[in-house]
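**Q** The structure's right below; bear with me while I get my questions together.
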Amino acid sequence: MSGNCNAAIGIVGGLRANPLGVVWFDAHGDFKTPETTTSGFFDGMGLATVAGLCWKNLAASVADFAPVPGESILHVGSRDVSEDELANMRQVGVQVCTASEIRSNGVSASLPRHVRNLAECVADVYVHVDLDVINPSDVHANGFSPPEGLSVGTMVEMLRVLKASLQIAGLSIASYDPIWDPESRAAGAVSRFLQVLNER
Ligand SMILES: [Mn+2]
C-alpha cells in the first residue's frame, strides 16, 4: 500500500520477474514527462518513469529497477488523460482500455482482448491499482478522482479476467488519502480485491 504511484518504481525492481508486465489501473494517465507536464506534479509521471521515458537516472538509482517496455504495459480505467500522454503511450506501444470503453461495453467486451495481447509478451504482471480508478461515489480515494469511474464490482470482475490469463506477481494499492474517505469505504473494496487473489 502506498500514498502515491511512484512506489511502483521500487515494486518493479523488487519483483525482478523477467520479463515483467504491468497492468496500471488509474483514472489518470500517469504518463506525463518533464517535457509535457505543465504542473510539475511528480506523481503524474509514474508510469512514464516505469516505461523508461523519463527520470532515467533517478529510476536507475532504485535497486534492481529496469524499465518495462511499452508493449508489456496495459493501462486500464483512464478518464482524465491528455493528448500528449496518449501520444506517448501510442508511441511506445502501451495498450489503453479506457473507463468509458469499459462502462459502455462491459468488462467481457473490452478488457480480455488487451489481456490476451499482454499475455503474448509476458506471463508475470505487477498490478497497480490507483484507487482513484474507482467511482468517487463508491470510494473517494483522493482529491484528484474525477466522476464516472468504475465500480468496485467492475474492478473485481477485471481482476478475475487478469488472473485467468496472467500470473499476478504483485499488487499495489496506491494513492489513498484517508481524509477523503471518512467512512473507510476503501477497506471494504480492497478486501474484495485481495479475496480475488486468494480464489482458486
Ligand atoms: Mn496514479
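**Q** Can you name every residue in the stretch 98-131 that is hydrophobic (A, V, I, L, M, F, W, C) and within 16 Å of the ligand (Cβ to nearest atom)?
**A** ALA99, VAL127, VAL129, LEU131
**Q** Got a number for residues in the stretch 6-35 being surrounded by fewer than 16 Cβ atoms within 10 Å (Cβ to Cβ) and within 13 Å of the ligand (Cβ to nearest atom)?
**A** 0
**Q** Just checking, how many residues over the stretch 4-42 are free of Cβ contacts under 8 Å to residues at least 60 places away in the same chain and of a type outside the set (Gly, Ala, Ser)?
**A** Matching residues across the stretch 4-42 total 13.
**Q** If PHE65 satisfies every condition in (1) more than 13 Å from the chain's Cα centre (by Cα); (2) surrounded by 21 or more Cβ atoms within 10 Å (Cβ to Cβ); (3) assigned to a helix (DSSP H, G or I) but one, which is the exception?
**A** (3)
**Q** Moving on. If I go through the stretch 187-200 residue by residue, how many of them are surrounded by 11 or more Cβ atoms within 10 Å (Cβ to Cβ) and within 17 Å of MET158 (Cβ to Cβ)?
**A** Within the stretch 187-200, residues that are surrounded by 11 or more Cβ atoms within 10 Å (Cβ to Cβ) and within 17 Å of MET158 (Cβ to Cβ) number 8.
**Q** When you scan the stretch 68-85, do you find a residue that is at pLDDT 95 or above, assigned to a loop (DSSP other than H, G, I, E, B), touching a strand residue (DSSP E or B) at 6+ places or on another chain (Cβ under 9 Å) and hydrophobic (A, V, I, L, M, F, W, C), even just one?
**A** The answer is yes, given that some residue of the stretch 68-85 is at pLDDT 95 or above, assigned to a loop (DSSP other than H, G, I, E, B), touching a strand residue (DSSP E or B) at 6+ places or on another chain (Cβ under 9 Å) and hydrophobic (A, V, I, L, M, F, W, C).
**Q** Could I ask something else about it? Assess whether GLN95 counts as being more than 16 Å from the ligand (Cβ to nearest atom) and under 12 Å from the mean Cα position of the chain (by Cα).
**A** It is true that GLN95 is more than 16 Å from the ligand (Cβ to nearest atom) and under 12 Å from the mean Cα position of the chain (by Cα).
**Q** Further question: Mind listing just one residue for me: the one in the stretch 148-176 that is in contact (Cβ under 8 Å) with a residue 24 or more places away in the chain and part of a loop (DSSP other than H, G, I, E, B) and, of those, farthest from the chain's Cα centre (by Cα)?
**A** GLU148
**Q** Kindly indicate whether any position in the stretch 91-99 is closer than 19 Å to SER175 by Cβ and in a helix (DSSP H, G or I).
**A** Yes - at least one qualifying residue is present in the stretch 91-99.
**Q** Moving to a separate point now. Check VAL125 against each of (1) farther than 27 Å from THR37 by Cα; (2) not in a strand (DSSP E or B) and name the one condition it does not meet.
**A** Unmet condition: (2).
**Q** Looking only at residues that are out of contact with any strand residue (DSSP E or B) (no Cβ under 6 Å at 6 or more places or on another chain) and at pLDDT below 95 in the stretch 15-37, which one is nearest to SER191 (Cα to Cα)?
**A** Here the residue is ARG16.
**Q** Shifting gears a bit: Of the conditions (1) closer than 26 Å to GLY3 by Cβ; (2) buried (at least 17 other Cβ atoms within 10 Å of the Cβ); (3) hydrophobic (A, V, I, L, M, F, W, C), VAL115 satisfies every one except a single condition; which number is it?
**A** (1)
The values are calculated or read from the model by the stated rules, or taken from the named source; none is laboratory data. Being a predicted model, the structure only gives us computed values, none of them experimental. No Cβ is skipped: glycine too gets one built from the backbone with ideal geometry, and neighbour counts run over all protein chains shown.
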